[in-house]
Amino acid sequence: MKKPTWVVEKERAKRSAANETVWLFGLHAVRDALMNPARQKLRLLVTKNAADKLAEAIEASGMAPEIEDARKFSAPLAAESVHQGAALEVKPLDWGKFEDVCATGAGAPLVVMLDRVTDPHNVGAILRSAEVFGARAVIATRQHAVPETGALAKTASGALERQPYLRVTNLADAMETLKRMGFVLLGLDGDAEATLQQGIVAAGTRPIALVMGAEGPGLREKTRETCDQLVRIPFGGAFGSLNVSNAAAVSLYAATTAR
């Protein structure tokens, strides 16, 4: 009997995920990954200089580094990658089930949801802010979003190893799941009537999901409709626009200090 198309696609995606690897680069990102016991590490390429700087982390990891010529660094990285003589091939981190992390994970009952935010530098900065303010997770979709990449890890400055970054198939479905778990979903929208502060106060003691859209298009219609409330960050000047990573930092600060 022929398998349904959706079954075939699911099996193909599972096989692809099992074979997926990521090249991390840069001294900070590589050091944090080497020191992370939860990270499956496959291959370490370093120059002699980088190996000296990472000596403690390399020893702790138990890996045997491959020493590279600084002039002919062979890691498969983009030409513009500032690798500092260090690259590490790894498997993506497995943080466990989405519901479990959001319900009982470390940190405050607070998560960030990203609607088609595709710039790895923005997502990396959001991961850093989420770690600083103790959020349980940053959530994005499997498609039309940033996967684990070297650029993301470098911008996150180590946060990728410690801050859960969860990928879901359908953002609206994940939002509905969080609603059933008791979360209040606050969607950031510059044209909203209510302010972020008002939305946080109205949420009371309930856990909060901050839903952020990509710069330009903002939140998609389905995402907007699924939010409990749309809120805006008030501004005092004539220009009232923040990029998504700055908006996330402001929102996380507000959510952790306003109640």
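Among the listed pairs LYS97/LYS154; LYS72/LYS97; LYS97/LYS222; LYS41/LYS72, those with a Cα-Cα distance over 31 Å are LYS72/LYS97. Considering only DSSP beta bridges whose two residues both sit in the range 161-259, what percent are antiparallel, to the nearest 5? Here the share of antiparallel DSSP bridges comes out near 10 percent.
Need one number: % antiparallel among DSSP beta bridges in the range 13-118, to the nearest 5. Of all bridge pairs located within the range 13-118, approximately 75 percent are antiparallel. Of the listed residues GLU59, GLU66, GLU193, the order by accessible area with a 1.4 Å probe, largest first, is GLU193, GLU59, GLU66. Counting only protein heavy atoms and a probe of 1.4 Å, the accessible surface of the range 20-92 is 50% carbon and sulfur. Its Cα centre serving as origin, the chain has a Cβ charge dipole (Lys and Arg +1, Asp and Glu -1) of approximately 560 debye. Per residue, the chain exposes 52 Å² of solvent-accessible protein surface, assessed with a 1.4 angstrom probe and all protein chains in place. Remark: C-alpha extents of the range 130-259 on the principal axes read 38, 36, 29 Å, sorted largest to smallest. For MET35 and VAL82, a Förster radius of 22 Å and the Cβ-Cβ distance give a FRET efficiency of 0.60, rounded to the nearest 0.05. Placing a label point 7 Å from the Cα of LYS97 along the Cα-to-Cβ line, the residues of the range 132-174 whose backbone N sits under 19 Å from it are 136-140, 164-171, 173-174. Packing around the peptides 22-35, 170-183, taken as the average count of other Cβ atoms within 10 Å per residue, puts them in this order, highest first: 22-35, 170-183. The 3J(HN,Hα) values that the Karplus relation (6.51, -1.76, 1.60; θ = phi - 60°) gives for the range 208-217 are, in residue order, 10, 10, 8, 9, 10, x, 5, 5, x, x Hz. Gly and Pro appear as x.
When the Cα convex hull of the chain is projected onto planes of every orientation, the mean area is 17.0 nm². Local charge for GLY213 was computed over the other residues whose Cβ lies under 10 Å away, with Lys and Arg +1 and Asp and Glu -1, and equals 0.
Take the Cα of HIS144, step 7 Å toward its Cβ, do the same at ALA60, and the gap between the two points is 4.0 nm. With a cut-off of 19 Å on the backbone N, the residues of the range 213-228 near the modelled label site 7 Å out from THR169 along Cα-Cβ are 223.
The values are calculated or read from the model by the stated rules, or taken from the named source; none is laboratory data. The structure displayed is predicted, hence computed values, not measured ones. Heads up, the Cβs are rebuilt from the backbone with ideal geometry, glycines too, and the neighbour counts pull from every protein chain shown. These accessible areas exclude ligands, DNA and RNA; they are computed on the full protein's heavy atoms, side chains included. Shrake-Rupley method; radii C 1.70, N 1.55, O 1.52, S 1.80 Å.
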